[in-house]
Each structure stands twice: as C-alpha cells, then as structure tokens.
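Contents: one structure, followed by commentary.
The values are calculated or read from the model by the stated rules, or taken from the named source; none is laboratory data. This is a predicted model, so every value here is computed, not measured. Don't worry about glycine lacking a Cβ; one is built from the backbone with ideal geometry, like all the others, and counts go over all protein chains shown.
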Amino acid sequence: MTAQAGRNGVRVLHWQAGKPAELTNDQYRYSLTDHLGSSTLELDKDAQIISQESYYPFGGTSWWADRDSIEANYKTVRYSGKERDATGLYYYGLRYYAPWLQRWINP
C-alpha cells in the first residue's frame, strides 16, 4: 500500500505468504524525494535510515548506502518517482527507460 503527501510517500510492506525471515511484517517505509521526485532517502517507522541513494543526471545510481541489503532491496520507487523493475528499467506509463543507455527503449 502506498500513500502520497506532495512528493513524499509512505509504503507499507505486508506479506500474506513468503515473507523473508529477516523482515518484519507491516513494515512502514517513508520515502523522501528531491526536486525531481527521485527517492533519495528511505526511513523506517522510527526515522532510522533504510537506504540513501543519489542519481546521475540520466537516472543511473551514482551511489547507494543502506543499513541492510536484504531490507533495502525492497525499494522499488527510485529515479523521478518511477518504479524500477527487476530488469533495471523504469516504467513511465507508455514506454520504458533504460538509465544505462540514457534512452527510451521503445518509441
């Protein structure tokens, strides 16, 4: 479940089955964004940093820091507020963007 407040958002991760043993159920994640809407900082319910990320001008990750890689891997909303899927592509509604190519992959 996701709720937006301006550019920032809150997600709750809830597993009905298949929850990773290292994570708690109903995990709250507060996403803070920059001027482009890119998720740069993700906090837990106690305002502790889960992950921090910075981006190159065309969407690639310039640096990434996290407190626990398993927990941080569940961050999906990234550059310009779009979801990055398992292939590394960003979905913009009608087409996909490849940050490593700095190009759209379909017209």
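Table for the structure above
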item	result
Scan of segment 72-107 for residues that are out of contact with any strand residue (DSSP E or B) (no Cβ under 6 Å at 6 or more places or on another chain) and among the charged types (D, E, K, R), ordered by number	ASP85, ARG103
Condition broken by ALA47, with the remaining ones in (1) under 17 Å from TYR28 (Cα atoms); (2) small (Gly, Ala, Ser); (3) within 14 Å of the chain's Cα centre (by Cα) satisfied	(3)
Filter result for SER39 (surrounded by 13 or more Cβ atoms within 10 Å (Cβ to Cβ), over 15 Å from ASP68 (Cα atoms) and either hydrophobic (A, V, I, L, M, F, W, C) or modelled with pLDDT of 85 or more (or both))	yes
Number of positions in segment 55-87 that are surrounded by fewer than 13 Cβ atoms within 10 Å (Cβ to Cβ) and more than 23 Å from HIS35 (Cβ to Cβ)	8
Residue list for segment 67-107, restricted to those being part of a loop (DSSP other than H, G, I, E, B) and touching a Gly at 6+ places or on another chain (Cβ under 7 Å)	PRO99, TRP100
Tabulated pairs, segment 65-90, first hydrophobic (A, V, I, L, M, F, W, C) and at pLDDT below 85, second in a loop (DSSP other than H, G, I, E, B) and loosely packed, with under 11 Cβ neighbours inside 10 Å, C-beta under 9 angstrom, 6+ apart or interchain	ILE70/GLU22
Output for segment 14-34, where each listed residue is among the aliphatic types (A, V, I, L, M) and either under 12 Å from TYR74 (Cα atoms) or exposed (fewer than 13 other Cβ atoms within 10 Å of the Cβ) (or both)	ALA17, ALA21, LEU23
